[in-house]
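Here is the structure we will look at, set down as structure tokens.
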Amino acid sequence: MAQILGIYGSPRKGGNSDILLDALLASARDAGAETTVLYSRKLKIHGCLECGGCDETGTCVIRDDMDQVYEAISRASAVVLSSPVFFYGFPSELKALVDRCQALWSGRLLRKQGAARKVYDSGTGWLLAVGASRGENLFSGCELAARYFCDALDREYRGGLFYRRVEKKGAISDHPTALSEARALGGRIALELSQHLET
Ligand SMILES: Cc1cc2nc3c(=O)[nH]c(=O)nc-3n(C[C@H](O)[C@H](O)[C@H](O)COP(=O)(O)O)c2cc1C
């Protein structure tokens, strides 16, 4: 069965990005997908040491909760990150998780050269993001990070949903379209995965 991995990136339990990802995953399950979840706030993940250990092996030298993240990523057909914007980037817990995917980046470099690196064989990646302000570039940092996170994971980055002017805990629930758009995206991802399995 198609598996969707949802990675909750906020330190705030029950906050806006949690609510969005809950809606997306519930709808994906309704459409027949299997879902698994990881909460970066619950994981103890050391930052990347930039030791170069993974350059030769594609495997990180550190053993911590990142092991369960590598495992979950390897089983997922689609990965959905959900995050608030913190200083135009990801919160530190999620950033540590993303940085530790440098080992997957190294592994991909070892496996794929030249034109093969333009092909993504491991599924898709998506981003849900919320921020308090309204600036044009509000999501640029998170989106670039998500794009290259997907590259490391050998996944095609497919974009996502982005909501400005959302700050108070739970405020996303009052947004006129956000939850229905998150549910629609969950259904769409589940459908895509089921069609992919049939071909
Ligand atoms: C440490 C910190 C940094 C933040 N930085 C930004 C920012 O750079 N731009 C912005 O628009 N909102 C910023 N915010 C606001 C959050 O993105 C916003 O409140 C969001 O809705 C929180 O989502 P959550 O409930 O999923 O954590 C910041 C909030 C915190 C606590």
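The values are calculated or read from the model by the stated rules, or taken from the named source; none is laboratory data. Note that the coordinates shown come from a computational prediction; the quantities given were computed from them, not determined experimentally. Please note: Cβ atoms are built from the backbone with ideal geometry, for glycine as well, and neighbour counts cover all protein chains shown. Note: areas computed on protein heavy atoms with side chains; ligands, DNA, RNA excluded. Shrake-Rupley method; radii C 1.70, N 1.55, O 1.52, S 1.80 Å.
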Q) Taking Cα atoms, how many degrees apart are the long axis of helix 66-75 and the longest axis of the chain, rounded to 10 and kept between 0 and 90? A) 80 degrees
Q. What residues of the stretch 153-175 lie in the reach of a label at Asn137, counting those whose backbone N is under 12 Å from a point 7 Å from the Cα along Cα→Cβ?
A. none
Q: Go through the stretch 153-194 and name the trypsin sites (Lys or Arg not before Pro) that are in a DSSP coil and have 10 or fewer other Cβ atoms within 10 Å of their Cβ.
A: Lys168
(Q) I need the phi-derived Karplus couplings for the stretch 115-123: 6.51 cos²θ - 1.76 cosθ + 1.60, θ = phi - 60°, integer Hz, Gly and Pro marked x. (A) 4, 4, 6, 8, 9, 10, 9, 10, x
Q. Using a basic spin-label model with each label point 7 Å from the Cα along Cα→Cβ, how many nm lie between Val119 and Lys168?
A. 5.2 nm
Q.
Run lengths n ≥ 4 of DSSP H only: what is the helix-derived mean residue ellipticity at 222 nm for the chain, with -39500 (n - 2.57) per run over all residues, to the nearest 500?
A. -12500 deg cm²/dmol
Q: Mind grabbing the accessible area of Tyr148 for me, 1.4 Å probe, Å², rounded to tens?
A: 120 Å²
(Q) For the full complex of protein chains and a 1.4 angstrom probe, list Lys42, Lys95, Lys112, Lys118 by accessible area with the highest value first. (A) Lys118, Lys42, Lys95, Lys112
Q.
Considering only C-alpha atoms, what is the centroid distance from the stretch 29-56 to the stretch 90-114, in Å?
A. 10 Å
Q) Roughly what percent of Cα-Cα pairs across the stretch 3-198 reach past 26 Å? A) 30 percent
Q. Going by alpha carbons, how many degrees (0 to 90, nearest 10) lie between the helix axis of 16-30 and the longest principal axis of the chain?
A. 80 degrees
Q: With a 1.4 Å probe and all protein chains in place, put Cys101, Cys48 in order of accessible area, largest first.
A: Cys48, Cys101
Q. Rounded to the nearest 5, what % of the DSSP beta bridges within the chain are antiparallel ones?
A. 5 percent
Q. Angle, helix 102-111 long axis vs. longest principal axis of the chain, Cα atoms, 0 to 90°, nearest 10?
A. 50 degrees
